[in-house]
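The values are calculated or read from the model by the stated rules, or taken from the named source; none is laboratory data. Not measured: the values here are computed from a predicted model. Cβ atoms come from the backbone with ideal geometry, glycine included; neighbour counts cover every protein chain shown. The area values use the complete protein model at the heavy-atom level, side chains included, leaving out ligands, DNA and RNA. Shrake-Rupley method; radii C 1.70, N 1.55, O 1.52, S 1.80 Å.
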Amino acid sequence: MEKREKRRWYVKGSAAGILLCIFLVPVLAFLERGLWENGGFTLRWYREVFLSSPLYLKKFWVSLGLTLLLTVGQMAVGIMAAYGMVIYELPGRRVIAGILLILLLLPVQVLLVPQYLVLERLKLLDTMWAIILPYFFLPFSTYFLMIFFDKADRSVLDAARLEGTGSVKLLTKILLPIESRPVAALGLLVFLYAWSMVEQPMSFLKDPQLYPLAVYLMTAPEREWGLLSPCGVLAVLPLLAAAGVGIRRSVYEA
Amino acid sequence: MKNARKKPSSIMIFTARNRRRYLTGLLWAAPFLIGAVIFLLAPFLRLTWGTLFRGGGRRFAGFDNYREVFASEAFRMAALHTVLLLAVSLICIISIGVLLALFLKSIKDHAPLVMAAGLVPFLMPALAAVMAVRFICPDSLWSLCLMHLWKYAGFYGVLLAAAMNQIPDDYYEAAQMEGAGYWKQVRIVTLPCIREMMGFAVILGVVHTFLGYREALLLAGTHPPGQLYLIQHYISNNFEQMNQMHLSVAAVSVVFAMCLCVGAVWAGRRWLYGKA
């Protein structure tokens, strides 16, 4: 038995090792590109991105602010909508959920042109609102929150309601603390998607100054590999931070 | 596990108390509903209406536009490739996700390290995935599939592993007492219990597959040869050429196809969710 268990450990260990390689080696290759110039190790690219030119850092902070706004906005709208529809058992919520699901599954390109026309009508094109508003009303958070809230233990809510708790308190003091784990996980996902959003800025904004960092990473020409790598690092930092917070919140909270 | 509370029937019963309740709910949901109508539904309805006309919106043309687009080689290729990509990706996602989750479960205490490593590709910009895959079959759907797996496998694995952790040990013990080996236990206990999370993985899988368009762009540009030409390339390229009719028809077709799929899954949910 001892030998068999040892062998099993070796197999699992090597499998884990292989997985780690598969996941991390391309990342290391990506990082390596940023430390290399004309055949030698150099910090030039990192110096340029982080120290000499304010351009990238500015883009970074603007993108970060924008992404936070998008995340908070979509989560707030989604939480309110899911709360209203599920907890108050709004008739027709199943149909609405079905429609949201279909909208959710569509590729971005399908709605890009019609949204463009609407934004043009509303004179929001070329402003940040063109990106912010549609993202607030993306059905992603609403749909998943509807599912999560549906599973919540209604007895606590009903007891609170019987005691006369108002609807705002019911949401903030009772439902959200109970559902904090799924909500945190969802918030993390929304943040990640918002940060890497490229199609909408490229279509709705004409001024390249307004493009978030992710767009630069997508569209910069390949000769600038050296620059792109530290920019990529820059781009990943907030995601790592958010992931750390989000995962801790949703996994380790008992 | 699930509370046994019966759902209210869908017939709208208008008592005084219900009316007040529905009103509150409606108020809470209002911002989203209004915004969704403005930015999602209305654009789409206008788009659909537009596909029935020709000549810049003057002449009613019925389904002529659809006939023209469906007959075009480009559209057919794009549609075929997209459907193939979705089918292959979803199968790979579910199988590899489940295997990865089972593996994570079997490592228990050492799982967080692999989980963290698996989530790192998710956080990387699209560029990283493209770099890694560029040398392996760059013209085939498999490259897109590979990039998708590299990027999200850790994510699906963590998701499914979390679901697996919820399964009580008694289920496994009962199966063991009936003489079930490891893989039989997986088939009888694990898979049925994580059905719902697998559903989430499928939904997110579709979203991520479509998001893979970015990697496809980085890999092969706007007019990729062979299997990489997807419906999104079709729509975007027509957008560049101001070919509104073509892209509108394509867009509406995608939505219609999605409706069919979701409808089919909903109708078949009794079969999917078993006799539970």
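General remarks:
- Search result, residues across the stretch B:164-212 that are polar (S, T, N, Q), farther than 30 Å from B:His233 by Cα and in a helix (DSSP H, G or I): B:Asn165, B:Gln176, B:Gln185, B:Thr190
- Those residues of the stretch A:116-147 which are within 26 Å of A:Arg181 (Cα to Cα) and more than 18 Å from the chain's Cα centre (by Cα), in sequence order: A:Met146, A:Ile147
- Helices (runs of 4 or more DSSP H) wholly inside the stretch A:137-251 that include at least 1 residues being modelled with pLDDT of 85 or more, of a type outside the set (D, E, K, R) and in contact with a Pro (Cβ under 8 Å, 6 or more places away or on another chain): A:139-150, A:180-195, A:199-204
- Residues considered: A:Phe137, A:Phe149. Of these, the only one that is touching a residue at least 40 places away in the same chain (Cβ under 8 Å), among the aromatic types (Phe, Trp, Tyr) and either at the interface with chain B (Cβ under 7 Å from one of its Cβ atoms) or touching a strand residue (DSSP E or B) at 6+ places or on another chain (Cβ under 7 Å) (or both) is A:Phe137.
- Within the stretch B:129-148, tally of residues that are in a helix (DSSP H, G or I) and open to solvent by less than 30 Å² (accessible area, probe 1.4 Å): 10
- Residue that is farthest from the other protein chains (Cβ to nearest Cβ), among those in the stretch A:15-37 that are open to solvent by less than 50 Å² (accessible area, probe 1.4 Å) and touching a residue at least 12 places away in the same chain (Cβ under 8 Å): A:Gly34
- Checklist (1) without any contact (Cβ under 8 Å) to a residue 60 or more places away in the chain; (2) in contact with a helix residue (DSSP H, G or I) (Cβ under 9 Å, 6 or more places away or on another chain) applied to B:Asp170, failing item: (2)
- Pairs, first closer than 17 Å to B:Leu80 by Cα and facing chain A (nearest Cβ under 9 Å) in the stretch B:227-251, second of a type in the set (Phe, Trp, Tyr) and open to solvent by 30 Å² or more (accessible area, probe 1.4 Å), C-beta under 7 Å, six or more apart: B:Leu247/B:Phe239
- The lone criterion from (1) away from chain B (no Cβ under 12 Å); (2) buried (at least 18 other Cβ atoms within 10 Å of the Cβ); (3) over 29 Å from A:Leu43 (Cα atoms) left unmet by A:Ser180 is number (2).
- Within the stretch A:187-215, residues that are facing chain B (nearest Cβ under 10 Å) sit with their Cβ atoms under 7 Å from residues that are open to solvent by 30 Å² or more (accessible area, probe 1.4 Å) and not basic (Lys, Arg), at 6+ positions apart or across chains, in these pairs: A:Glu199/A:Val108; A:Ser203/A:Tyr116; A:Ala214/A:Ser196.
- Of the residues making up the stretch B:213-234, those that are assigned to a helix (DSSP H, G or I) and within 19 Å of the chain's Cα centre (by Cα) are B:Tyr213, B:Arg214, B:Glu215, B:Ala216, B:Leu228, B:Ile231, B:Gln232, B:His233.
- Check on B:Phe103, crowded, with 17+ Cβ neighbours inside 10 Å, within 14 Å of chain A (Cβ to nearest Cβ) and either assigned to a helix (DSSP H, G or I) or out of contact with any Ser or Thr (no Cβ under 6 Å at 6 or more places or on another chain) (or both): yes
- Among the residues listed as A:Ser63, A:Ser53, the single one being free of Cβ contacts under 8 Å to residues at least 60 places away in the same chain and of a type in the set (S, T, N, Q): A:Ser53
- B:Tyr156 crowded, with 17+ Cβ neighbours inside 10 Å, more than 12 Å from every other protein chain (Cβ to nearest Cβ) and within 30 Å of B:Ala251 (Cα to Cα): yes
- Helices (runs of 4 or more DSSP H) within the stretch A:52-134 that include 3 or more residues touching a Leu at 6+ places or on another chain (Cβ under 8 Å), within 13 Å of chain B (Cβ to nearest Cβ) and open to solvent by 50 Å² or more (accessible area, probe 1.4 Å): none
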